[in-house]
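To start, the structure itself, in structure tokens.
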């Protein structure tokens, strides 16, 4: 069964979000199974299995799985270092959003929470402003990076981008034997340097406190940040590069079909089309009010 085809429950979730026709979101009342989505997925998978070889299907399965894992690893880095300042909420919660009084000065103008170091600083009296300068001097003496929140996010964003580009160049150069030796080694060197620079930069700066509050369910657990996601990205890209041009040609057709469906239908019917964007720090409070009203 081809991994590029969405599973029935994923198809159902996409339909509920408006990206696909609502017929796929129907659930059988007795079995609680999305029958229509299951039938549609099964028919598509059976058709592909009838017209394609097993090796071709295996390549497409590998591409779908590896692409998903790669995107998850990149998303982990983004949510840990540069999570969005705002979250989209459905327009049905507009009354709850209006009922939440945002206190001016509680957060920054973008609603950002701050870095992990900010939560570790001891509370001091506002009048004792002389304490701030020795702390900064001591941090500079120890060689720590003293970055403003805006600069920290910029450095983290560029570092994630360098990491992805470096992983791709290193994987592509190491897998392409047709390149001349000098060109191949040069690309490997550039990719390795970019990958190393991104790893060192992400290891040297603070993670974002908003990672603990992003999303309705709160934070998530992932050990060995940023080393583990970067290793995952590198290994997955190496495997993706080695799948061959024929497999990527078939995948490109599927991606093009997905883009066409999104442009012609999903973009207009998406639940985010009329979404209301609120600061991340207040999203959980709005959800609590909504759940309290339902209870």
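Here are some notes:
- The label-point distance for residue 86 and residue 183, in a model that sets each label 7 Å from Cα toward Cβ, rounds to 4.6 nm.
- With a Förster radius of 45 Å applied to the beta-carbon distance between residue 254 and residue 148, the computed FRET efficiency rounds to 0.55.
- Full extension of the segment from residue 262 to residue 231, taken as 0.36 nm per residue of separation minus the current Cα-Cα distance, would add 8.0 nm.
- If the segment from residue 242 to residue 221 were pulled out straight at 0.36 nm per residue, it would be longer than the present Cα-Cα gap by 4.5 nm.
- Sorted largest first, the spans of the alpha carbon positions of the stretch 17-83 along the three principal axes are 43, 37, 20 Å.
- Full extension of the chain between residue 161 and residue 7 gives 52.4 nm of extra length, using 0.36 nm per residue less the Cα-Cα distance.
- Listed by Cβ neighbour count within 10 Å, with the fewest neighbours leading, 251, 259 appear as 259, 251.
- Label-point gap, in nm, between residue 58 and residue 273 - each point 7 angstrom along Cα→Cβ: 4.3 nm
- Label sites at residue 190 and residue 44, each approximated as a point 7 angstrom past Cα along Cα to Cβ, lie 3.7 nm apart.
All of the numbers you see were taken from the coordinates with simple rules; none came from a lab. All values reported here derive from a predicted model rather than from experimental measurement. Please note: Cβ atoms are built from the backbone with ideal geometry, for glycine as well, and neighbour counts cover all protein chains shown.
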